[in-house]
Amino acid sequence: MQNINPSRNIARRGRYYLFIGSVTFFGGAIAVTLGILFFFFPLWHTFAFEVLRALLIFAGVVALIAGIGIIIRALTLQKDNPLAYAVGEALSQFLDNRYTYLRNVSKRGVGYIDAVLVGPPGALVFRIVDYTGTWINERGEWRIINRKGQLRPAGTNPTREAVRDVIALRKFFAKRGLSQVPVYAIVVFTSEFAKLSAEGPVVPICEIPTLYAIMRRDYLTDERIAPPTVRAAVDAIMDG
């Protein structure tokens with residue numbers, strides 16, 4: 001099994017964010033500059049023009065802030081995912097070279113996915129977390145036991161996040177003529193200090209030691225796509 005970080009996707013997405021951020025920032029700067037100039041050199045002395053001038057400054061300031069935020073996002077995109085790498089290394093002892101594990105996937109139209117495994121059974125989306133404590137999964141909902149021993153709703157929902165990633169990847173494949181590729185999901189807890197329990201989980205959950213066993217119950221039960229389709233799906237994620 002190949003454990004790959006598609007760094008070209010990250011670089012491409014970073015350049016895209018940098019371009020959008022730069023355009024937004026300079027557009028805002030132009031709007032603010034025009035608004036200030038119109039204070040000193042008004043074209044008309046009307047109430048409507050004063051409103052327009054104020055709107056220019058306001059919109060310009062908003063664009064400046066948004067542009068800076070997008071540029072910061074471009075410069076701070078995660079270059080790799082250590083948790084996903086560790087999960088891939090654990091899987092590599094069980095899966096042969098028909099499987100490709102792509103970690104730290106970041107693509108326009110898909111968003112960010114911790115990792116995707118592609119092989120004859122289809123594509124498997126990984127939501128990988130390092131949460132600690134006691135986590136209880138009941139179908140699509142999560143609850144935790146806090147330090148006081150109280151049961152309360154979790155502040156995050158790995159199941160919903162995984163389902164969101166599955167929907168995004170299915171749409172991505174469909175646009176590239178790969179709608180025949182089935183997409184599955186799994187939630188992986190990596191911390192040794194996490195305790196899990198589940199009742200009818202919508203998305204399978206596991207820890208790293210039980211990952212392969214859980215995959216064998218669902219994802220690995222059948223070979224659903226031919227090798228050329230596997231290769232096309234990998235290429236789409238890598239370069240599409």
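Tabulated data
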| item | result |
| --- | --- |
| Residues that are touching a Gly at 6+ places or on another chain (Cβ under 7 Å), surrounded by fewer than 20 Cβ atoms within 10 Å (Cβ to Cβ) and within 20 Å of residue 203 (Cα to Cα), drawn from the range 161-182 | 168, 182 |
| Test result for residue 101, touching a residue at least 60 places away in the same chain (Cβ under 8 Å), of a type in the set (Phe, Trp, Tyr), surrounded by 15 or more Cβ atoms within 10 Å (Cβ to Cβ) and in a helix (DSSP H, G or I) | no |
| Matching residues in the range 158-181 - criterion: being outside any loop (DSSP other than H, G, I, E, B), basic (Lys, Arg) and touching a residue at least 60 places away in the same chain (Cβ under 8 Å) | 171, 175 |
| Residue check for residue 129: touching a Ser or Thr at 6+ places or on another chain (Cβ under 8 Å), of a type outside the set (Asp, Glu) and assigned by TED's automatic domain parsing to the domain that holds residue 183 | yes |
| The range 115-136, residues that are within 24 Å of residue 200 (Cα to Cα) and surrounded by fewer than 23 Cβ atoms within 10 Å (Cβ to Cβ) | 121, 122, 129, 130, 131, 132, 133, 134, 135, 136 |
| Check on residue 69, modelled with pLDDT of 90 or more, part of a helix (DSSP H, G or I) and surrounded by 16 or more Cβ atoms within 10 Å (Cβ to Cβ) | no |
| Subset of the range 211-240 that is surrounded by 14 or more Cβ atoms within 10 Å (Cβ to Cβ) and among the hydroxyl-bearing types (Ser, Thr, Tyr) - its residue that is nearest to residue 134 (Cα to Cα) | 212 |
| Only one of 186, 214, 208 that is of a type in the set (A, V, I, L, M), in contact with a helix residue (DSSP H, G or I) (Cβ under 9 Å, 6 or more places away or on another chain) and more than 21 Å from residue 110 (Cα to Cα) | 208 |
| Boolean, residue 127 is basic (Lys, Arg), assigned to a strand (DSSP E or B) and modelled with pLDDT under 95 | no |
| Flag if residue 192 is over 17 Å from residue 103 (Cα atoms), assigned by TED's automatic domain parsing to the domain that holds residue 108 and free of Cβ contacts under 8 Å to residues at least 60 places away in the same chain | yes |
| Pairs with Cβ under 9 Å, 6+ apart, first in the range 146-157 and without any contact (Cβ under 8 Å) to a residue 40 or more places away in the chain, second part of a loop (DSSP other than H, G, I, E, B) and not acidic (Asp, Glu) | 152/146; 154/131; 156/131; 157/140 |
| Residue, farthest from residue 88 (Cα to Cα), within the range 197-238, restricted to residues that are touching a strand residue (DSSP E or B) at 6+ places or on another chain (Cβ under 6 Å) and of a type outside the set (A, V, I, L, M, F, W, C) | 199 |
| Residue match in the range 111-123 (condition: assigned to a loop (DSSP other than H, G, I, E, B), over 24 Å from residue 221 (Cβ atoms) and modelled with pLDDT of 95 or more) | no |
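The values are calculated or read from the model by the stated rules, or taken from the named source; none is laboratory data. Being a predicted model, the structure only gives us computed values, none of them experimental. Cβ atoms come from the backbone with ideal geometry, glycine included; neighbour counts cover every protein chain shown.
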